[in-house]
1. Using the basic label-point model (7 angstrom from Cα toward the beta carbon), what is the residue 359 to residue 40 distance in nanometres?
2. Compute the Kirkwood hydrodynamic radius of region 243-304, taking the inverse of the mean of 1/r over all pairs of distinct Cα atoms, and give it in Å to one decimal.
3. What list do you get for 198, 310 if you sort them by fewest beta carbons within 10 Å?
4. Could you give the alpha-carbon Rg of the chain over 2.2 N^0.38 Å, rounded to two decimals?
5. Per DSSP H run of n ≥ 4, the term is -39500 (n - 2.57); total these for the chain, divide by its residue number, and report the mean residue ellipticity at 222 nm rounded to 500 deg cm²/dmol.
6. Quick one: Kirkwood hydrodynamic radius for region 89-243, alpha-carbon pairs, angstrom, one decimal?
7. How much length would be gained if the chain were fully extended between residue 321 and residue 169, taking 0.36 nm per residue of separation minus their Cα-Cα distance, in nm to one decimal?
8. Give me the distance in nm between label points sitting 7 Å out from Cα along the Cα-to-Cβ direction at residue 32 and residue 179, one decimal.
């Protein structure tokens, strides 16, 4: 018994060291990209915002953890989830209220009174309101002492109206193009940008919400996707869009700072207040910069998580209707839970999903350099 306990302790220490090393590498990689971009692209200004945001996000989040514990803002684990998640019960949650505002505040400070400040202001409106939806969801979940706060239809209705207001503001101020780029081709869609924009914001925010199920999974993937989006914007139009590229890297820094405390074993979860805001910011930036195709490629993990849920629910309902008994393709969805139930370590799943996201970012960057 004592021997098995020692083996388990050594395994935990090994996992802890592995994830720490990977986070240091991730931070170093983003920092090198920022320095290179500032040297290569004229007027690029990524390094200082990234360092400042990462530092402030880490400090504010660290200071906020005891406050959340004091007022008992603690995660409630759903009973139907993986059994090994019950040890996470009681971990502070709602961390999005710390690192998301840091990204927004720094973005506004850096670009106050600049020519493109209205872009930052409009995106800040979108991100804050999606964070607020997540906050309500988290708060109701804690109040009910259940893993569900807002009902699905309530959440979708709120997301729909905020997305519609955002798209309308963008269209009326000529902040959003009426064309979309798919691969290296442009398509004029006119007023279809309204339903498309709403769909993108709903799909992206709910995808990030579903992905946020393992320690450091969404925060790490978000760092990479935001960084990839910043590079894509710079490569695509090196004389403009520095505001959007900088906002991407500021959000990457906010997620990076949070990741230091959200890594395995997590001291804090972001909750819906964080995950919905991340999805909204990714979707909003991609819409304004006309990089929906790039976001689809780089956010492949986010898409896979959502698609796994859609497939699982669809197959279950159809098979139950036809055969009278529901059939499941996956052991559990979203996808990361399937791999967990297959016996894979949480850290291995997270680091693998990070690595896949990094490869997808590299593929997207190579595509844009060649085109």
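Every read-out reported here was derived from the displayed coordinates using simple, explicitly stated rules and does not represent laboratory data. Because the structure is predicted, anything quoted here is derived from the model rather than measured. As a convention, Cβ positions derive from the backbone with ideal geometry for all residues, glycine included, and neighbour counts pool all protein chains shown.
1. Going by the 7 Å Cα→Cβ label model, 2.2 nm.
2. Mean inverse Cα-Cα distance, inverted, gives 12.7 Å.
3. Exposure proxy ranking, most exposed first: 310, 198.
4. 0.98
5. Value at 222 nm, helices only, nearest 500: -25000 deg cm²/dmol.
6. Values: mean 1/r = 0.0570 Å⁻¹.
Hydrodynamic radius (Kirkwood, Cα only) of region 89-243 equals 17.5 Å.
7. Length gained between residue 321 and residue 169: 50.3 nm.
8. 3.6
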